[in-house]
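Presented below is the structure to which this report refers.
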Amino acid sequence: MPALVIGPMLRYVDASSASIWVETGEPCTVAVIAAGRSYESRTFTVHGHHYAIVDLTDLAADVDGYAVELDGERVWPLEGRPPSRIRLLPPQGPRRMTFGSCRTNVPHDTAHVLTHGEDVLRAYGGRLMEAGDEEWPDLLLLIGDQVYADSPSPGMLEFIHARRDTEPKNEIADFEEYAELYRRAWTDPEIAWLFSTVPTAMIFDDHDLRDDWNTSQPWREQMAATSWWRRRVISGLGAYWIYQHLGNLSPAEREADPLLRSLREGGTDGGGLLDDFAEKADADPASTRWSYARDLGHTRLIMIDTRCARQLTPGDRRMLDPGEWQWLVDEVSQPAQRLVIGSSIPFLLPEGVHSVQNWNEALCDGAWGSWVRKLSEKFRQAVDLEHWAAFRRSFDDLARLLVRVGKPVLILSGDVHYSYVAKASAGDIHQVVCSPIRNPLSPLLRWANVFTQFGIATLVGGLLARSARIPRPPFRWRVTEGPWFQNALATLTFPDQATWYESSGNTIKEIASVDLR
């Protein structure tokens, strides 16, 4: 009898439809029983693993509970758990939206709680099992580092070492290991239930592939020279397409996806098709689009690919290549009361750090000569100088664009392992950062970040930027709240409230609540 491996995961939801993703242990027919109907889809196979995404259409009301059957055998819901509900998107738009980033998957024993803290996402799932409707979010955004391919857990390392003794010995190497990495990350009972009943939208960051992914052209050249990177990037992008990207798309967008159509209609293992797609996506970023947008009533959600779509030409680095940039211009110009932009890496860093990254980019492009350029590239990679500020032309272009659209903008980000709010001096633009879900900085690094990013860097960053003759940015901004270094999730309560939560044992506690007006 087929078994669930991962899922069910409630992914895309709008006012009348919902999409549910599963991985199964064998090829089978997946049926979702909801609202008195059975919605079915046959699995497709990739590298020996079996997947389906089932679209529930023409829903007239919320679904109080649904079931999943594999070849007619009921496998969900699990005994002793609350029902998995489907709450349709309110026509006027979401009331609450929860987000976070950077979640390592390590055990929950005392030793790992001491080093990694509590898993806030897991605790949040436990909290929602008992919470009233007023606490439920309409959407959960996971904005980067959903898995850590370059820093596997002890259990994952055991799995790797039992399979092979080849490079990279302590990192993910292929699709089979990615599949196991996702299984371990998403099958804790509280996580599995949370994902079954709260819609999710996702975008990658570097650790989904590898630290510093696409930080620069020299980085790409260094990785290409290894014996193992080609297989890793193909497997990582292919796994991302399966486990994260498919569920980001609407049913209509998936129906038009040629790769999904080929996998569904092929009747055989489509691993080769997926690998070819992923290899092309890495070599030619314009061949696919990982960014996406959703109309959410009063809000337009725009999730930006800030990793694969980069233009890394020295002297003309861009966070987004020309095609991706034009897509973003078109998307922010669509009618909406407000924009919520998901960027895995922060747009508005503390001003001093922004200036340091501007300065480093200029030196990497040769502003102080070839010898300094080489040292600056090493510095760039060593301390992760790769945010929007390190792609100054793209920062300036986006800053001007967001002021020009003339509507409230919330930019949601993670990556930096602390949380804060920043406000621009021009327009109605807020940067809201929530990081990490579970991967905290050590106490020493926390103080080092406060000292350098909010202290020294503020004093010297501007001097360094001017020494490299870098123009001032289009507007100024300041950090108005934070930083907070706890593991955390944040919730936006529309129209103008943001709240951060941490966990202590199974208890969710508020860290801070900020008015974004």
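For this structure, a couple of remarks:
- Rounded to whole Å, sorted largest first: equivalent-ellipsoid semi-axes of segment 227-296, Cα gyration tensor: 21, 16, 10
- Eigenvalues of the alpha-carbon gyration tensor of the chain, scaled by 5 and square-rooted, set the equivalent ellipsoid semi-axes at 35, 26, 23 angstrom, largest first.
- Segment 17-75, Cα convex hull volume normalised per residue, Å³: 71
- Antiparallel beta bridges, as assigned by DSSP with both residues in the chain, represent about 75 percent of the total such bridges.
- Residue 330-residue 284 pseudo-label distance in nm [points 7 Å out on the Cα-to-Cβ vector]: 1.9
- Rolling a 1.4 Å probe over the protein heavy atoms leaves residue 249 with an accessible area of roughly 20 Å².
- The slack between residue 459 and residue 509, meaning 0.36 nm per residue of separation minus the straight C-alpha distance, is 14.5 nm.
- Residue-span extension gain [residue 170 to residue 426] - 0.36 nm each, minus C-alpha spacing: 87.5 nm
- Per-peptide packing, taken as the mean over residues of other Cβ atoms within 10 Å, places 53-63, 383-393, 170-180, 351-361 in the sequence 351-361, 383-393, 170-180, 53-63 from highest down.
- Three principal axis lengths of segment 393-497 [C-alpha, angstrom, descending]: 40, 37, 20
- Values of log10 I(q)/I(0), in the order q = 0.32 Å⁻¹, for segment 163-202 under a Debye, Cα-only, solvent-free model: -1.07
- For segment 195-345, the fraction of C-alpha pairs more than 20 angstrom apart is 53%.
- Using a probe radius of 1.4 angstrom, the carbon and sulfur fraction of the accessible surface of the chain is 51%.
- Look at the alpha carbon pairs under 8 Å that are at least 6 residues apart: their mean separation over the length of the chain gives a relative contact order of 16 percent.
- Ranked by the mean number of other Cβ atoms within 10 Å of their residues, highest first, the peptides 94-100, 2-8 fall in the order 94-100, 2-8.
- Radius of gyration and Dmax over the Cα atoms of segment 26-148, both given in Å: 17.4, 48
- Farthest towards the positive end of the charge dipole of the chain, among the residues 52, 471, 406, is the Cα of 471, using unit charges on the Cβ of Lys, Arg, Asp and Glu.
- Per residue, the chain exposes 38 Å² of solvent-accessible protein surface, assessed with a 1.4 angstrom probe and all protein chains in place.
- Compared with the direct C-alpha span, the chain from residue 222 to residue 159 gains 19.9 nm at full extension, assuming 0.36 nm per residue.
The values are calculated or read from the model by the stated rules, or taken from the named source; none is laboratory data. A quick note: this is a predicted structure, and the numbers were derived from the prediction, not measured. All Cβ positions, even for glycine, are placed from backbone atoms using ideal geometry, and neighbour counts span all protein chains on display. The protein model used for the area step is the full one, side chains on, heavy atoms only, and it has no ligands, DNA or RNA in it. Shrake-Rupley method; radii C 1.70, N 1.55, O 1.52, S 1.80 Å.
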